[in-house]
């Protein structure tokens with residue numbers, strides 16, 4: 001699982017592309033002069049089976065910790081994500097003058113980059129007296145968890161909630177040989193080496209037991 005923290009604007013509503021806007025470059029001048037800008041960007045080199053997004057809904061406007069407040073801005077989340085444009089490969093292609101979104105930009109089929117929403121954690125109330133609830137999908141059915149109370153819900157209700165954390169699971173986890181990621185290949189090779197070593201060890205033990213039996217038989221002759 002890979003955890004990603006996303007900025008949330010204190011004012012206004014992040015629209016349909018809101019969660020994408022949180023993820024893409026963000027202008028930062030809090031620690032620079034008033035006319036200076038810097039960009040902050042995050043890209044993913046290796047997509048994990050599970051992605052976790054946390055929206056930064058709590059901020060400290062001043063150095064006084066007692067001034068902390070909750071950001072109530074609404075963020076529209078997606079039921080499905082294609083993370084291809086946020087990979088390091090795609091961003092490097094853009095930097096070289098390539099166009100993101102073209103078939104040559106992303107290696108392998110689109111299925112490698114597709115994720116489905118399966119859980120959302122919500123924060124209700126204020127920063128000092130809030131309460132957490134959760135929406136979770138099980139076998140294409142959605143449920144809402146509120147402490148010990150569990151009720152049947154829907155995807156629509158989940159998408160309209162004030163999300164604090166979102167969890168997405170990769171739609172396809174089986175890879176064809178020609179698109180096998182290097183980390184999966186390395187893990188399988190390591191497992192194959194381990195099994196081979198275990199098999200050799202078993203053969204040595206069997207040979208040792210056979211020699212013991214042969215020696216015992218010879219001793220009786």
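Quick note: the coordinates plus some simple rules give every number you see, no bench work behind them. Quick caveat, the model's predicted, so the values are computed rather than measured. Methodologically, a virtual Cβ is constructed for each residue, glycine included, from the backbone with ideal geometry; neighbour enumeration extends over all protein chains shown.
With a simple spin-label model that places each label point 7 Å from the Cα along the Cα-to-Cβ direction, the separation between residue 220 and residue 147 comes to 7.4 nm. Relative intensity of the range 181-221 on a log10 scale, I(q)/I(0) at q = 0.14 Å⁻¹, equals -0.50, per a Debye sum over C-alpha point scatterers of equal strength in the absence of solvent. Modelled label positions at residue 92 and residue 200, each set 7 Å beyond Cα in the direction of Cβ, lie 3.5 nm from each other.
Relative to the current alpha-carbon distance between residue 138 and residue 116, full extension at 0.36 nm per residue lengthens the span by 6.7 nm.
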